[in-house]
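Laboratory data are not the source of any read-out in this text; all were calculated from the coordinates shown. Predicted, not measured: the structure shown is a model, and the values here were computed from it. Note: ideal-geometry Cβ built from the backbone for every residue, glycine included; neighbour counts use all protein chains shown.
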Amino acid sequence: MGFIKAREKTFYYEELGDGPPILLIPPAGSTASTWGILPRDLAGAGRVIAYDRRGYTRSGGEVVYSAAEHTCDAAAVLEALNATPAVVVGTSAGATIALDLAVRRPDLVRAVVVHEAAWRALRHPDAAGLGTLARMQWLAWRGRYPQAAETLLRWVYSYRDGGSTWDAFPEAWRQTARDNGRSVVADLKNSMGGYPRAQDLATITAPAVCTYGSRSRTYMRPLTRSLGGAIPSGSVREIDGTAHAVAFDAPGIFAQVIAEAMHSSEARPDAGAPPGEVRCAPAPVAHPGLAAHRPSAKPPQALVARRRHVARTA
């Protein structure tokens with residue numbers, strides 16, 4: 001752990017392992033320290049780098065109202081750490097930044113893995129979600145950003161069959177999100193639209209794996225399939241037993257997906273091949289401090305290699 005100077009700004013980062021670089025870009029309300037055991041699971045595959053984005057906790061700075069600004073920061077962090085090209089991983093708002101980095105700086109990206117990017121999310125309206133957004137905005141207008149962040153993230157991390165991972169997170173993680181409430185609200189606005197544009201996603205040449213959870217709300221499946229279809233090198237994977245908090249619910253299987261993306265970058269498939277979809281089952285949670293919070297009652301299963309073609313959609 002330490003600090004690195006990039007774009008005339010000091011960024012806090014954590015690093016673990018050796019080998020090909022793997023950059024973890026955190027979602028709204030999260031930092032380098034809220035990935036759980038995922039960095040440890042990945043450390044055998046490469047050099048894992050996680051950082052606090054601008055406007056968050058130890059990196060500090062003003063709230064960022066542009067995903068492109070975060071993208072420039074990610075590129076600068078990679079270059080400052082001499083960690084290119086990297087497998088770039090992002091979830092939620094971090095996924096938007098990871099995709100944008102693959103568009104804008106393909107020289108820095110070996111492969112990209114994104115979980116539940118909110119790309120074109122407003123084209124798939126959810127009544128409960130719209131109500132949550134209205135409540136969050138009402139709180140933000142009144143300057144109650146900690147409550148706005150908690151309202152949003154409890155819903156974002158909810159399962160369609162009941163409950164929310166938010167309530168299982170360590171209290172320190174939840175407090176981090178509350179303390180960075182202004183940035184949480186800004187991240188939502190930065191990532192809910194159609195950015196990056198479909199024509200820009202079509203320029204991505206690195207392997208791009210788009211994942212979603214089997215317990216996520218129903219709109220997430222078509223949204224992720226649409227995103228995967230917009231990327232020529234894109235593929236879609238469903239991860240069983242999880243929803244939005246894939247790094248918390250299924251760190252082992254998510255690490256496996258990332259490692260496979262790294263290996264696929266060594267022999268890229270033909271760009272004209274249709275994207276495929278794989279259903280993944282969760283690996284055992286080995287860390288005793290997190291195992292007690294596991295929300296799924298399903299027993300750990302092996303990876304199910306069931307592939308099916310996904311219709312490409314723009």
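Label residue 175 and residue 219 with points 7 Å out from Cα along Cα→Cβ: what is the distance between them in nm?
3.4 nm
Convex hull over the alpha-carbon atoms of region 32-102: what's its volume per residue in Å³?
Values: hull volume 6.6 nm³, N = 71.
About 93 Å³ per residue, rounded to a whole number.
Treating region 55-138 as a set of equal point scatterers at the Cα positions, no solvent, please give the Debye-formula log₁₀ I(q)/I(0) at q = 0.12, 0.18, 0.22, 0.27 Å⁻¹.
-0.44, -0.86, -1.09, -1.31
Provide 152, 130 in ascending order of the number of other Cβ atoms located within 10 Å of each residue's Cβ, fewest first.
By the 10 Å Cβ count, ascending, the order reads 130, 152.
When all C-alpha to C-alpha distances in region 1-128 are sorted into bins of 5 Å, what percent of pairs does each bin hold, rounded to whole numbers?
2, 11, 22, 26, 21, 10, 4, 2, 1, 0
Viscosity 1.567 mPa s, temperature 4 °C: give me the Stokes-Einstein translational D for region 54-203 in µm²/s, with Rh taken as the Kirkwood radius over C-alpha pairs. Please report the intermediate quantities before stating the final value.
Working: Rh = 16.3 Å.
Diffusion coefficient, whole number: 79 µm²/s.
For region 155-211, what is the Kirkwood estimate of the hydrodynamic radius, computed as the reciprocal of the mean inverse distance between distinct Cα atoms, to one decimal in Å?
Working: mean 1/r = 0.0697 Å⁻¹.
Kirkwood radius, region 155-211: 14.4 Å.
Where does the Debye-calculated log10 I(q)/I(0) of region 1-47 sit at q = 0.32 Å⁻¹, using only Cα point scatterers of equal weight, no solvent?
Here log10 of I(q) over I(0) equals -1.22.
Could you please report the charge total around residue 150, scoring K, R as +1 and D, E as -1 over all other residues with beta-carbon less than 13 angstrom from its beta-carbon?
On the way: positive: 135, 144, 154, 174, 178; negative: 167, 171, 179.
Charge balance in the 13 Å sphere: +2.
Ranked by Cβ crowding within 10 angstrom, fewest neighbours first, how are 262, 220, 1, 192 ordered?
Numbers: 262 22, 220 25, 1 11, 192 16.
Ascending Cβ contact count within 10 Å gives the list 1, 192, 262, 220.
Cα gyration tensor of region 225-265, axes a ≥ b ≥ c as square roots of the eigenvalues: rounded (a/c below 1.5), prolate (a/b > b/c) or oblate?
Working: a/c = 3.12, a/b = 1.34, b/c = 2.33.
Note, shape of region 225-265 comes out oblate.
If each of residue 167 and residue 128 carries a label point 7 Å out from its Cα toward its Cβ, how far apart are those two points in nm?
According to this spin-label approximation, the distance is 1.2 nm.
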